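Here is the structure we will look at.
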Amino acid sequence: MNTYPHRTRFFLASALLAGLCLMLAPPAAARVVDDFNDNTKTAWQDFTFIPGFGLPTEHNGQFDFTLPPVGQSIFTGSVKTTETFTIQDGRTVELRVDLVTGYGGDSFAVLFFLPQGESISSLTGYGFAKSTTDILITKGISKYFVNEATPLKNDNITLVLSLTGKGTSVIINAKALDKDANDAVLWERTVVDTAGADILADGTDSPAAPFLGQGNFGLLCYQDDGKTQDYYQVVYDNAEVFVTDATVLDDFNDNTKTAWQDFTFIPGFGLPVEQNGQFEFTLAAVGQSIFTGSVKTSKDLEIVDGERLELRVDLVTGYGGDSFPVLFFLPKGESISSLTGYGFAKSTTDILITKGISKYFVNESTALKNDNITLVMSLTGKGTSVIINAKVLDKDANDAVIWERTVVDTAGADILADGTDSPAGAFLGKGNFGLLCYEDDGKTQDY
């Protein structure tokens, strides 16, 4: 993708049944469930099968489960009682916790959503379980959506369990992030719990209904087998929850372009049209790189410390390796002509995370599906930095993640994959949602 943008074309829309829409998840403030810094266990309801056995202790600013071996599988857990969270249609409840350390292949750290009215003893609810050798996404004891023997780093990582209500179903996304590598994704899977009996990797989905409704944040230590280790331990820190409700900025169903501010270098050239319930850019070949774009003006957005802003749009189709759809956050006061801001650009052959023209955090030659996908860009303020997560979801496979990267834009001059981070500094503050079509080279395609 060179500087400055053949008839290039892509369609943008979204995905509620047959509806086509462009989605914004407004800022979701991180709710600190417990940072454990006061070394006092407050509003945690413990569970154990043996009185006093293996209960977690809060010390050294951490939450420590240490279980002696008992010769069989057993677990202990604790549920935070200060706040309940509700999984409902159009809402995502994301649970997060840092795993400081997990000892051995049979000590399972479990991040858990416990539905109201259920007992932790049955492990009924949604769980993300990990040891040094295995990873599971669970719905109950011996009811596993995913059960993989996957040796993977188990110290200084973050466990993330995202639960999204979609009609009568719950979309479950679990991932492990490497805190030593700017939260790079080590492992990720997405499954769907429908109203019917789903096929599980292990066990039977009975009762079948998903866990829509209220529930609580929970943490467990599962001792598997109980004869393989001298002790079983997991240590946690920084328990958080993000709750995000989706807002539709435009579903394009009225076929009337409203509150979009267009940009083009050549008057009238390549401006998007809203038709057939979609938003279409078609650019003629001009023999050089060029782009056009449009910014939604009806709603200002803002990136602030401690909150996450998520932009997403469905890409119906993108034509060729040099047609780049770009999902974009345009900071207030910046002109779209410089592409200054945060962008997520993708063609059939390349993927970029951008900060401006020829300023790329990520620039990968990656041949990847480019039709009927969703582009997602999450921007999280953290102090004077912005954490940028970009991912591609496959709409033909229950929104499975087919590509994802996370980068951090700090207050200093960061090392980019291409270009120089000047001026340095993250784009905290207000801005707008934008969509672009970037025609790269301008001589390689008929349009």
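Quick notes on this structure:
- Only one of Leu220, Leu177, Leu186 that is in a strand (DSSP E or B) and closer than 30 Å to Leu436 by Cβ: Leu177
- Condition check for Asp224: more than 29 Å from Asp394 (Cα to Cα) and among the acidic types (Asp, Glu): yes
- Put simply, of Thr150, Thr42 the only residue that is hydroxyl-bearing (Ser, Thr, Tyr), closer than 30 Å to Gly213 by Cβ and surrounded by fewer than 20 Cβ atoms within 10 Å (Cβ to Cβ) is Thr42.
- Considering the conditions (1) at pLDDT below 95; (2) out of contact with any Pro (no Cβ under 8 Å at 6 or more places or on another chain), Phe10 is excluded by exactly one of them, (2).
- Pairs meeting the criteria (first residue in the range 268-294 and under 11 Å from Leu435 (Cβ atoms), second residue of a type in the set (Phe, Trp, Tyr) and part of a loop (DSSP other than H, G, I, E, B), beta carbons under 7 Å, at least 6 apart or on different chains) are Phe279/Phe252; Thr292/Phe269.
- Yes/no for Thr86 being assigned to a strand (DSSP E or B) and surrounded by fewer than 17 Cβ atoms within 10 Å (Cβ to Cβ): yes
- Only one entry in Thr258, Thr247 is touching a Lys or Arg at 6+ places or on another chain (Cβ under 9 Å) and closer than 24 Å to Leu301 by Cα, namely Thr247.
- Listed by position, the strands (runs of 3 or more DSSP E) inside the range 385-447 whose residues that are surrounded by 21 or more Cβ atoms within 10 Å (Cβ to Cβ), over 18 Å from the mean Cα position of the chain (by Cα) and not basic (Lys, Arg) number at least 1 are 429-439.
- Checked against (1) assigned to a strand (DSSP E or B); (2) at pLDDT below 95; (3) surrounded by fewer than 18 Cβ atoms within 10 Å (Cβ to Cβ), Ser298 passes all but condition (1).
The values are calculated or read from the model by the stated rules, or taken from the named source; none is laboratory data. Values in this document were obtained by computation on a predicted structure and should not be read as measured data. Cβ: placed from backbone, ideal geometry, glycine included. Neighbour counts: every protein chain shown.
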